[in-house]
Amino acid sequence: MQSLREKYGSGPLLLRIPFRHQAVILSPDDARMILEGSPEPFTAATREKRSALGHFQPDGVLSSQGRGRAIRRALNEQTLETGCPVHTMSEHFATVADEEMAEISRTALASRTLDWGSFFIGWYRMVRRIVLGDAARDDSDLTDLQENLRYRSNYAFLRPKDRRAREEFLGRVRSYVDLADPRSLAGRMGQACTDPRQQPHHQLPQYLFAFDPAGMASFRTLAMLSAHPHIRDDVRQEIREAAAETAPQLELLRACFLDVLRLWPTTPVILRETTQTIAWRGGQLKKATQTLIITPFLHRDEMRLPQAHRFDPELWRRGNERPDLGLLPFSHGPVICPAFRFVPIIATLAMRSLLSRVRLVLNEDQRLTPDRLPGTLDNYTLSFSATDSRRT
Ligand code: HEM
């Protein structure tokens with residue numbers, strides 16, 4: 001990416017690809033401009049995305065346009081309380097997180113190991129309770145059904161839609177919306193819904209699958225803390241100081257989680273499509289051009305960021321957004337992830353609960369050299385040795 005920028009300037013770089021106009025964005029200012037100009041004239045509902053998401057949530061906000069997008073976005077923002085620093089249901093969610101992480105901790109201490117497989121099972125029990133309610137805790141079939149549909153969706157229009165499986169999946173999500181557990185996001189969304197076109201059961205699938213990267217980033221954060229003992233000790237101190245609070249705001253742990261999302265962004269490409277021809281410095285982007293904002297490049301560009309390949313939670317002290325530096329783990333502008341405050345809250349509550357019970361030491365810690373962190377970090381193969389933190 002740096003060589004492209006050197007050769008062609010700071011872009012946007014138009015790609016010569018048949019049948020599709022595409023432009024790679026090479027500067028943080030252009031990325032910001034595009035994201036602030038969403039959903040018009042830069043729509044998030046690109047052809048590829050509509051096709052992919054059509055496999056399991058055809059009327060989700062991300063693939064909606066016009067009036068449909070506006071009312072669904074509003075419903076998502078109300079449910080996730082996007083504008084508020086702390087979600088009003090945080091205390092209950094902290095209890096849920098604590099119960100599920102306690103179970104993961106017990107298993108880890110019994111086997112003296114924590115690996116992705118056992119973390120993921122407990123993580124998703126927590127997620128289903130938060131999103132759909134307590135009745136969904138053990139409904140792992142629902143998660144499997146969605147996994148299969150997501151697998152198909154990776155092929156977008158190259159694979160036919162499995163309409164029967166999609167209807168079964170959406171029907172099951174709808175049954176939880178009907179149950180309306182008042183201590184879940186589904187219950188909250190049901191109350192906030194004022195227009196049948198908002199379709200809560202098409203919005204909630206995104207919540208279920210988007211908690212997957214939140215789990216990956218949490219697991220990677222635990223690995224980073226093991227590889228950075230000074231920061232880990234400060235995090236422990238922060239957790240100890242807040243021990244009496246049910247749902248404390250753990251600023252350092254939040255910043256660590258955000259920096260892990262910078263180092264290994266879980267949305268590596270943010271896509272937009274122009275809804276009209278747009279004049280650009282010295283040229284133009286034709287209507288229906290797809291713009292590609294490649295976050296691993298913007299987040300790791302050592303020509304702009306001296307700390308590019310190091311762990312630097314300080315970058316996030318001021319909050320969960322740094323578009324000024326081209327850091328866009330949750331995107332930016334009117335289409336920013338509506339959970340950009342909610343996700344770090346849940347992740348920190350879950351990690352706090354684990355860290356206060358289990359001392360985790362990363363196996364194969366040579367995978368994380370603090371001076372030059374690797375470009376990717378496979379969460380599936382991370383594992384920790386686990387001992388009781390209250391005895392050490
Ligand atoms: C590590 C976890 C997560 C990351 C990094 C993340 C990041 C993102 C990004 C980059 C987008 C695309 C925005 C764009 O195109 O500009 C997005 C969209 C969205 N995210 Fe998240 N997300 C995460 C978890 C979640 C969770 C757990 C929820 C719900 C509980 C959620 C709800 C949504 C929704 C509803 C949208 C669509 C927004 C729209 O189209 O207006 N996300 N997220």
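Taken together, the values in this text are just the output of simple stated rules run on the coordinates, not laboratory data. Here the structure is a predicted model, which means the values were calculated and not measured. Heads up, the Cβs are rebuilt from the backbone with ideal geometry, glycines too, and the neighbour counts pull from every protein chain shown.
Quick notes on this one:
- Positive dipole terminus of the chain, leading residue within F209, H309, S64 (C-beta point charges): S64
- Cα-centred dipole magnitude for region 332-392, charges only on beta-carbon of K, R (+1) and D, E (-1), debye, nearest 20: 340 debye
- On the beta carbon distance between D139 and K7, with R0 = 45 Å, the FRET formula returns roughly 0.30.
- Relative counts (whole %) of C-alpha pair distances in region 233-288, using bins that are 10 Å wide: 19, 24, 18, 17, 12, 10
- Between the beta carbons of R67 and E251, assuming R0 = 56 Å, the FRET efficiency works out to 0.90 to the nearest 0.05.
- Normalised by the number of residues in the chain, the average gap of Cα pairs under 8 Å and 6 or more apart makes the relative contact order 27 percent.
- Label-point gap, in nm, between T107 and Y380 - each point 7 angstrom along Cα→Cβ: 1.8 nm
- Gyration tensor analysis over the Cα atoms of region 199-247 returns equivalent ellipsoid semi-axes of 31, 17, 5 Å (largest first, whole Å).
- Both the radius of gyration and Dmax for the chain are 21.1, 65 Å, in that order, over alpha-carbon atoms.
- Prolate/oblate/rounded label for region 1-134 (Cα gyration tensor, a/c 1.5): prolate
- Dipole axis of the chain (+1 Lys, Arg; -1 Asp, Glu on Cβ), positive-most option in L222, W123, G171: G171
- Percent RCO, i.e. relative contact order, over region 54-145, from Cα pairs under 8 Å lying at least 6 residues apart: 16 percent
- Residues considered: S184, S140, S63. Largest GNM mean-square fluctuation over the chain, using C-alpha springs under 10 Å, is found at S140.
- Qualifying chymotrypsin sites (Phe, Trp or Tyr not before Pro) in region 1-76, DSSP loop, other Cβ atoms within 10 Å at most 13: F19
- Relative contact order (%) - region 206-293, alpha-carbon pairs under 8 angstrom, separation at least six: 21 percent
- Rounded D (µm²/s) - region 69-144, Kirkwood Rh over Cα pairs, Stokes-Einstein at 20 °C, 1.002 mPa s: 152 µm²/s
- Given charges at Cβ of Lys, Arg, Asp, Glu: region 2-388 dipole, positive-most of A386, L149, S10: S10
- Using a Förster distance of 22 Å, the FRET efficiency for V361-E314 (Cβ separation, nearest 0.05): 0.35
- Cα coordinate range in region 220-361, projected on the principal axes (Å, largest first): 57, 31, 23
- Cα-based Lys proximity count in the chain, under 23 Å, for pairs eight or more positions apart or on separate chains: 4
- Debye, to nearest 20: dipole size of region 13-139, +1 on Lys, Arg Cβ, -1 on Asp, Glu Cβ: 640 debye
- Loop-resident trypsin sites (Lys or Arg not before Pro) (DSSP state other than H, G, I, E or B) in region 355-392 with no more than 14 further Cβ atoms inside 10 Å of their Cβ: R372, R390, R391.
- Size of charge dipole - region 2-388 - debye, nearest 20, with Cβ of Lys, Arg +1 and Asp, Glu -1, no other charges: 1460 debye
- Rounded to whole Hz, the Karplus (6.51, -1.76, 1.60) HN-Hα couplings of region 58-66, x for glycine and proline: x, 9, x, 4, 4, 9, 9, 9, x
- Qualifying GluC sites (Glu not before Pro) in region 274-354, DSSP loop, other Cβ atoms within 10 Å at most 14: E302
- Shape category assigned to region 293-392 from the gyration tensor of Cα positions, a/c cut at 1.5: oblate
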